[in-house]
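Okay, structure first, notes after.
We did not get these values from a lab; they are worked out from the coordinates using the rules stated. This is a predicted model, so every value here is computed, not measured. Neighbour counts are summed over all protein chains in view; Cβ atoms, including those assigned to glycine, are modelled from backbone coordinates with ideal geometry.
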């Protein structure tokens, strides 16, 4: 009986969703008969565990044992990041350009059926965008009116000033309902985009110069490159961050 134990060493929503297809493929391909998530995995938000893993029917459970973590640095032509992760674990279902998977079925919010929503929140680097000005300009140039801007969650936030109202998600599960209900969603290249892909919802994703192409992984989405509006101070901070990362363990949330 072959057991696969996955230990995810980055704690973000998208970081976990990159591995969400593995349990199903492990069992359907016959590569593994049991799949577990290691308790040593990092969860920045406990709801990531609930949404992605506890509701996954292909998971046998959680274990205190250490697991395997692969995050390939490069991609081959004809693959996306999720394909490359699958292959790194020694599995291959013969398909390419996998999308992340969740098995939770969110309820529709009828009041958002005609809504255009922009989520300005991010955690991981989303390119050299210092503020929301290029995004606001894009909306203006393309004649798009934003009805709701998602509420600020932390200090990494690229707001626009033309949104008509603010919208707050009460939980990660509520965010799922918002994503499946809105007429159009715009966001940054971060966990919101990866969650939308898992829900089968096409969204428009903004990103700046410097973002690695492997993180633009979904064929459902439209990715819009907005260049860079970094000034000298922003570039200096970026250089320091890149330098310090060499001495910080990969799993640090």
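Subtracting the Cα-Cα distance of residue 28 and residue 105 from 0.36 nm times their residue separation leaves 25.5 nm of extension gain. For the pair residue 50 and residue 156, label points projected 7 Å from Cα toward Cβ lie 2.3 nm apart. Treating each Cα of the range 63-155 as one equal point scatterer and applying the Debye formula with no solvent, the log10 of I(q)/I(0) at q = 0.18, 0.20, 0.26 Å⁻¹ comes out as -1.09, -1.09, -1.27. Of the peptides 204-211, 59-66, 229-236, the order by per-residue mean of other Cβ atoms within 10 Å, starting with the highest, comes out as 204-211, 59-66, 229-236.
For the listed peptides 11-22, 137-148, a ranking on the average number of other beta carbons within 10 Å per residue, highest first, reads 11-22, 137-148. Based on the Kirkwood approach, the hydrodynamic radius assigned to the range 139-191 is 12.3 Å, with every pair of different Cα atoms included. Here the calculated FRET efficiency for residue 96 and residue 209, from their Cβ-Cβ distance with R0 = 30 Å, stands at 0.65, rounded to the nearest 0.05. Seen against the Cα atoms of the chain and their longest principal axis, helix 172-181 is set at about 60 degrees. The label point for residue 184 and the one for residue 64, both projected 7 Å from the Cα toward the Cβ, are 5.3 nm apart.
Considering only beta bridges that DSSP places wholly inside the chain, some 5 percent are antiparallel. At q = 0.11, 0.13, 0.16 Å⁻¹, work out log10 I(q)/I(0) for the range 3-88 with the Debye formula, treating every Cα as an identical point scatterer and leaving solvent out; two decimals please. These q points yield log10 I(q)/I(0) values of -0.27, -0.38, -0.58.
May I ask you to derive the FRET efficiency for residue 88 and residue 234 from their Cβ-Cβ distance with R0 = 35 Å, giving the value to the nearest 0.05?
Efficiency, from the Cβ-Cβ distance: 0.55.
Starting from 0.36 nm per residue, how many nanometres of slack lie between residue 220 and residue 75 once their C-alpha separation is accounted for? Could the numbers behind the result be given before it?
Details: separation 145, 0.36 × 145 = 52.20 nm, distance 1.91 nm.
Residue separation times 0.36 nm, minus the Cα-Cα distance, leaves 50.3 nm.
Each Cα pair under 8 Å and six or more residues apart adds its sequence gap; the mean of these over the residue count of the chain is a relative contact order of 21 percent.
Our analysis of the chain gives Rg over Rh at 0.97, with the two radii drawn from alpha carbon positions and Rh computed by the Kirkwood formula.
Report the extension gain between residue 39 and residue 142 in nm, rounded to one decimal, defined as 0.36 nm multiplied by the number of residues separating them, less their alpha carbon distance. Before the final figure, lay out each step's value.
On the way: separation 103, 0.36 × 103 = 37.08 nm, distance 4.61 nm.
Between residue 39 and residue 142, full extension yields an extra 32.5 nm.
Computed over the range 3-88, relative contact order equals 37 percent, with contacts defined as Cα pairs under 8 Å that lie 6+ residues apart. The long axis of helix 232-245 is offset from the longest Cα principal axis of the chain by roughly 10 degrees.
Across the range 110-244, Cα pairs under 8 Å and at least six residues apart give a relative contact order of 30 percent.
A helix-only calculation puts the chain at -6500 deg cm²/dmol for mean residue ellipticity at 222 nm, using -39500 (n - 2.57) for each DSSP H run of at least four residues, averaged over all residues. Evaluated at q = 0.09, 0.10, 0.15 Å⁻¹, a Debye calculation over the C-alpha positions of the range 110-244 (equal weights, vacuum) places log10 I(q)/I(0) at -0.25, -0.31, -0.70.
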